[in-house]
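To start, the structure under review is shown below, and the notes come after it.
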Amino acid sequence: MTITKLKNKTVVTDDDLGYNQRIGMPIEVFCLEKKQTVAFGKIQSFNYYEVCINGESYCRDQYVLFGFPARIDKIIKTGTDV
């Protein structure tokens, strides 16, 4: 895992998760303890505490979630940081 990936691909907010769910973009669920990806797929559902991928629920504060942050899409469309 690189610093660039942590900086540019981490999805943290409900807006980020909702954006990935709306566009059908799969996300990666990474376990820092095991140092490996434990799930990859489209978001089925999410709430404040967990995200559901492929029928399994993952606690949002125990895993790193990678996807396409909603903020990046705004930068691409406008050409400026918002």
query = Restricted to region 11-24, and to residues that are among the hydrophobic types (A, V, I, L, M, F, W, C) and surrounded by fewer than 14 Cβ atoms within 10 Å (Cβ to Cβ), which residue is nearest to the chain's Cα centre (by Cα)?
reply = Val12
task = Kindly indicate which of Glu28, Glu50 is at pLDDT 95 or above, touching a helix residue (DSSP H, G or I) at 6+ places or on another chain (Cβ under 9 Å) and charged (D, E, K, R).
result = Glu28
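The values are calculated or read from the model by the stated rules, or taken from the named source; none is laboratory data. It should be emphasised that the depicted structure is a prediction, and the values quoted were computed from it without experimental measurement. Reconstructed Cβ throughout: ideal geometry from the backbone, glycine too, with neighbour counts over all protein chains shown.
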